[in-house]
Amino acid sequence: MFGLLKQIFGTQQSRLLKKYQKTVRQVNAEEQKFMSLTDEQLKAKTQEFRQRVAQGESLDQILPEAYAVVKAACRRMCGNDVHVSGYDQKWDMIPYDVQILGAIALHHGSIAEMMTGEGKTLTSSMPLYLNALTGKPVHLVTVNDYLAQRDCEWIGPIFRWLGLRVEALTNATPHFKRKEVYEADIVYGTASEFGFDYLRDNSMAQSADDQCQRGHYFAIIDEVDSILIDEARTPLIISGPASGSKQMYDQLQAPVAQMVRFQRDLCNKLANDARKVLENLGRFIEGEPRKLSKAEETEEKEAFRKLWLVSKGMPHNKVLKRIKEDPNLRAEIDKWDVYYYGESNKEERAEALSELYIIVDERASEYELTDKGIRLWGETGNDTEDFVMFDLGFEYSNIDQNETLDEAGKIQKKVELREADAQRKERAHNLRQLLRAHLLMEKDVDYIIAEEKIVIIDEHTGRPQPGRRFSDGLHQSIEAKEGVAIQGETQTYATITLQNYFRLHQKIAGMTGTAMTEANEFREIYKLEVLAIPTHRKSQRDDYDDEVYMTEREKYNAILKEIEEVHKKGRPILIGTESVEVSEKLSRILKQNKLEHTVLNAKNHAKEAEIIAMAGRRGAITVATNMAGRGTDIKLEAGVAELGGLEVIGTTRHQSRRIDRQLRGRCARQGDPGSSKFYVSFEDSLLRLFTSPRITSFLQRFRPPENEPISAKVLNKSIETAQKRVEQRNYQIRKHTLEYDDVMNKQRAEIYAFRNEVLRGENPAKVAEEILESLCLQMAQTFFVSRSTEGGWNPEGYRQWLMLHFPVTFEAHEFDNDYLQLADIENTAIDKVVTSFRHKMAHENETIQQVQRRAPASSEPLDAEGILTEVVRSVLIRSIDRLWQEHLLNIDHLRTEVHLRVVGQKDPLLEFKHEAFLLFDAFSAKLKTEIAHALFKFKMMMPDETPPTDEKHREIASENEIDFRTNLSLMPELEFTQEG
Ligand code: ADP
Ligand code: MG
């Protein structure tokens, strides 16, 4: 069955390759023809192609000639100087056939899987050139700024030679230059620069001029797995200071810490008790365990049960960890896991766990308070109500039925209740995050403290990420836990997932050395097919079997031995690690053994690239985290190939097979020799957390002597199963993030489109009038048609509403007339409101004229119409932005809240979709009302008028009044993060 699928899949791939290979031959034939052209004639091809595209010829038709032009240009460039990343080099690249093949796949919107060192940078030049001929924006997305700059400098000369403009966009590109950068035919930049510019253009730009992007046509994503898989788990977020923060992390820190201490003491006691018992029974002595009496057996079982309990309450407990090193003892503990898993033992399990205060699920990265935990919370001077939420519907109806209250009293009570509810929710949220910080976030693993600040450690690269913050209060919670200053609460101003950002493009393509294992996800989420491109020369890499050890200690001994042996031969070695911590540990071991080496955890990519480039020299030993220096290939020093080339050593299997492959791919580039080998121990987190307990019992029987690897094919299989399990879980997380963002995507598209209409439209006053009209109509529906609260036909209600919201008057009972049709009423209302708005505009116009009259005769005349247009535009934009931010905040809260409803057997995603829809409805209605108000409230001020000074007034003034002397864009301090 599987074989059959593979066959179909395989033939599909080879059929496509055959087809493309035909095109490669066409390209080469075209290039032959171009040999006789002069440089000028070759350069003129660009203009010719542009014309042909403009006249309707398809890119597919032009492809063979266009690629041939690029190839011919490369040939003519040979020997020319190119200046890349501070070094002078000579151009020496003419695309190989396999590169042309990859280039064709890219144009057709596929992911070209090409090994490291195959020359993807040059490959992408062909589709970039071809697609740029349309004049539409073409982007090349890199993993970091350094590579954007490097690749642009490296390939840029070809494009320029052919008459195209090419630019690099980096974090250092100032905002005022970005528009110009985006005007270029081809732009190199990182996903987050592109994505943040998109968000900024659509949620922050105050005028069309302020927007820098000119659309999204074609993007080629380099190292596509890293961007669409690894980074896609966390959305891009622009945030700023939150208004009206109520956070209470500092207050809650002490009681939470105390609770965690209780738990730790409890677990320590359990673990130590168990250890003593096992010690007395002689379980720590080597060799056959002695025969136990019945009573002793019971005692022993109970000790293991206690240890099992510790694994549920404090998985990182030291005693527990040490005992687990012995596979026999570990198996005894795991037996309890199996026992409690049984359906019939569920109650017993619950009872056992109720001994703890908190149950921690390390695998799911979750935890839960037990009843005992909640009791303790109460007994230590807190309110157990902290964990109980109000049922607002129920409480409201209670108030309504309360006969001792009058209407005003009832409203007052409801307002109070709502505030208490908000307070309690905030408190519960803070508590949850604090507990998470204490129980699941580990110092020096998940974060470090640097200069009195909490700095995130990136889980993929192991690098510190200064400036990034955990979202949703987790960062503040860690700050509280570690006793450093708690930063103010932030609020989302704009957000999008990378997935949805890239979906904005008409076409995307990708390239990487490792995509096959994730082919399914690429197809499902991005509609991208993966095509494996053959290598230029046959790969000569030896991938050895894994060496698996019982303990970490034995594993490191083996790694050291291997390094010493390979190093003796003079072969360079690259050692990949999972984290900075492991890198440092390894470095210590190497130092103790007098092995000279370089540790790669440089803070900047340029330096990193430089070090990695040196890793191919004779005898070099380089220790690096797994993704460090991605995009830089390791060239072998002369003579090293004869020794066997680079050896890559993996210090563990990673969370996904793809990352293992990426590491292996570091050696044996372009037909060089090389080898790779992974070392694994049963204490590695992958195996500890994700392999089945059966393995433990297997090991028990086959524990090899100290320092001997366990060689068994079964293990390879179960390591791979564990990896697949984690891959699957991570896929679910990404899918989950995306599902939630998809709900937002429609809303975002709608509001961004409206905002752009306001921002770019010629006549915002017209939009303003339309909004007034639409609001009048909508409210007419409420008062005359819908059977909502106001009920049936309510002419007086409508009249009152109009007079309350607009500076208009209507005679008593004006609408209360049997001969009137609803349409008449609506028209009368709209007429008055719109006329009133026009009066307002005329009045403000007059104010400007007055300023003009008073100004010295020599000064520039003021364009009153123009000024007013911009003011109205700004009134609209500000209302949109303010309410949209408020909406995003509501959505954030909704997202956390729906998860609490899992208890009620409801599907959180469905709940979220439904309520997000309602929230958006409410937002649209509120937006119209808010804009309507603002349109009548803004006020042009005379230059000598001082704005009102008292606090309350200023608040209102800043919202609604506009002083046309000042710049309108007031931007708070913003933060750009990518954190989920
Ligand atoms: P990748 O991104 O696929 O890992 P790069 O684009 O970084 O590979 O290129 C790797 C190396 O191969 C570079 O040093 C480059 O100079 C070289 N190279 C690529 N294509 C060619 C070519 N057609 N002819 C000669 N050298 C090439
Ligand atoms: Mg590359």
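Per-residue answers, yes or no, for (1) more than 30 Å from the chain's Cα centre (by Cα); (2) more than 10 Å from ligand 1 (Cβ to nearest atom):
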| site | (1), (2) |
| --- | --- |
| Val70 | yes, yes |
| Ser110 | no, yes |
| Met115 | no, no |
| Leu122 | no, no |
| Arg160 | yes, yes |
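With Tyr198, Tyr217 as the choices, which residue is surrounded by 19 or more Cβ atoms within 10 Å (Cβ to Cβ) and either touching a His at 6+ places or on another chain (Cβ under 9 Å) or at pLDDT below 90 (or both)? Don't jump to the end; show me each part of the working.
Numbers: Tyr217 fails: surrounded by 19 or more Cβ atoms within 10 Å (Cβ to Cβ).
Tyr198 is the lone residue from the list that is surrounded by 19 or more Cβ atoms within 10 Å (Cβ to Cβ) and either touching a His at 6+ places or on another chain (Cβ under 9 Å) or at pLDDT below 90 (or both).
For a quick check of your reading: which helices (runs of 4 or more DSSP H) sit entirely within the range 659-776 and have at least 2 residues that are under 30 Å from Lys324 (Cβ atoms) and aromatic (Phe, Trp, Tyr)?
Helices (runs of 4 or more DSSP H) meeting the threshold: 693-702.
Within the range 832-863, restricting attention to residues that are part of a loop (DSSP other than H, G, I, E, B) and among the hydrophobic types (A, V, I, L, M, F, W, C), which residue is nearest to the chain's Cα centre (by Cα)? Spell out the reasoning first.
Start the filter on the range 832-863 by keeping residues that are part of a loop (DSSP other than H, G, I, E, B), which leaves 855-863.
If we keep only those that are among the hydrophobic types (A, V, I, L, M, F, W, C) as well, we get 855, 857, 862.
Numbers: Ala855: 53, Ala857: 57, Leu862: 47 Å.
Per the criteria, the residue is Leu862.
Test of understanding: among Glu118, Glu113, which residue is crowded, with 24+ Cβ neighbours inside 10 Å and within 16 Å of ligand 2 (Cβ to nearest atom)?
When all the criteria are applied, what remains is Glu118.
Given the options Val82, Val98, Val70, name the one that is more than 15 Å from Asp151 (Cα to Cα) and away from ligand 2 (no atom under 16 Å from the Cβ).
None of the other options fit; the residue is Val70.
Check Glu368, Glu362 and return the single one that is closer than 19 Å to Arg432 by Cα and out of contact with any strand residue (DSSP E or B) (no Cβ under 7 Å at 6 or more places or on another chain).
Within the list Glu368, Glu362, the selection yields Glu362.
Output yes when any residue across the range 630-639 is in contact with an Asp or Glu (Cβ under 7 Å, 6 or more places away or on another chain) and under 17 Å from Glu578 (Cα atoms), and no when none is.
Yes, because at least one residue in the range 630-639 is in contact with an Asp or Glu (Cβ under 7 Å, 6 or more places away or on another chain) and under 17 Å from Glu578 (Cα atoms).
Show me the helices (runs of 4 or more DSSP H) found entirely inside the range 526-616 where at least 3 residues are of a type in the set (Gly, Ala, Ser) and at pLDDT below 85.
605-614
Could you say whether any residue in the range 682-696 is more than 31 Å from the chain's Cα centre (by Cα) and within 15 Å of ligand 1 (Cβ to nearest atom)?
No, the range 682-696 has no match at all.
Within the range 737-751, track down each residue that is free of Cβ contacts under 8 Å to residues at least 24 places away in the same chain and either under 18 Å from the mean Cα position of the chain (by Cα) or under 23 Å from Ala519 (Cβ atoms) (or both).
Selection gives nothing.
Considering Ser85, Ser125, which residue is among the polar types (S, T, N, Q) and surrounded by fewer than 21 Cβ atoms within 10 Å (Cβ to Cβ)? Before you say what the answer is, go through the steps one by one.
Details: Ser125 fails: surrounded by fewer than 21 Cβ atoms within 10 Å (Cβ to Cβ).
Answer to the check: Ser85.
Among the helices (runs of 4 or more DSSP H) contained in the range 28-124, which hold 1 or more residues that are touching a strand residue (DSSP E or B) at 6+ places or on another chain (Cβ under 9 Å) and touching a residue at least 60 places away in the same chain (Cβ under 8 Å)?
Working: elements: 39-54, 59-77, 97-107.
Answer list for the range 28-124: 97-107.
Just to verify a result, which residue in the range 125-135, among those that are of a type outside the set (S, T, N, Q) and in contact with a strand residue (DSSP E or B) (Cβ under 7 Å, 6 or more places away or on another chain), is farthest from ligand 2 (Cβ to nearest atom)?
By that ranking, first place goes to Ala132.
Whether any residue in the range 207-217 is closer than 30 Å to Thr116 by Cα and away from ligand 2 (no atom under 16 Å from the Cβ) is what I want to check.
Yes, because at least one residue in the range 207-217 is closer than 30 Å to Thr116 by Cα and away from ligand 2 (no atom under 16 Å from the Cβ).
Out of curiosity, is Leu164 away from ligand 1 (no atom under 16 Å from the Cβ), crowded, with 22+ Cβ neighbours inside 10 Å and closer than 20 Å to Gln51 by Cβ?
No: the conditions fail for Leu164.
Among Ala638, Ala628, which is within 16 Å of ligand 2 (Cβ to nearest atom) and either at pLDDT 90 or above or in a loop (DSSP other than H, G, I, E, B) (or both)?
Ala628
Filter the range 475-530 down to the residues that are in contact (Cβ under 8 Å) with a residue 12 or more places away in the chain, closer than 22 Å to Arg657 by Cβ and charged (D, E, K, R) and list them by number.
Once the filter is applied, which keeps residues that are in contact (Cβ under 8 Å) with a residue 12 or more places away in the chain, closer than 22 Å to Arg657 by Cβ and charged (D, E, K, R), the range 475-530 yields Glu518, Glu521, Glu529.
Considering only the range 389-420, how many residues are touching a residue at least 12 places away in the same chain (Cβ under 8 Å) and loosely packed, with under 14 Cβ neighbours inside 10 Å? Give the derivation first.
First pass over the range 389-420, keeping only residues touching a residue at least 12 places away in the same chain (Cβ under 8 Å): 389-390, 392, 395-396, 399, 413-414, 417-418, 420.
From the residues that got through so far, the ones that are loosely packed, with under 14 Cβ neighbours inside 10 Å too are 389, 392, 420.
Total satisfying the criteria: 3.
Kindly establish whether Tyr146 is surrounded by 22 or more Cβ atoms within 10 Å (Cβ to Cβ), of a type in the set (Ser, Thr, Tyr) and over 20 Å from the mean Cα position of the chain (by Cα).
No: the conditions fail for Tyr146.
Checking Ala922 against (1) at pLDDT 85 or above; (2) not in a helix (DSSP H, G or I), which single condition isn't satisfied?
Single failed check for Ala922: (2).
The values are calculated or read from the model by the stated rules, or taken from the named source; none is laboratory data. If you're wondering where the values come from, they're calculated on a predicted model, not measured in any experiment. Neighbour counts are summed over all protein chains in view; Cβ atoms, including those assigned to glycine, are modelled from backbone coordinates with ideal geometry.
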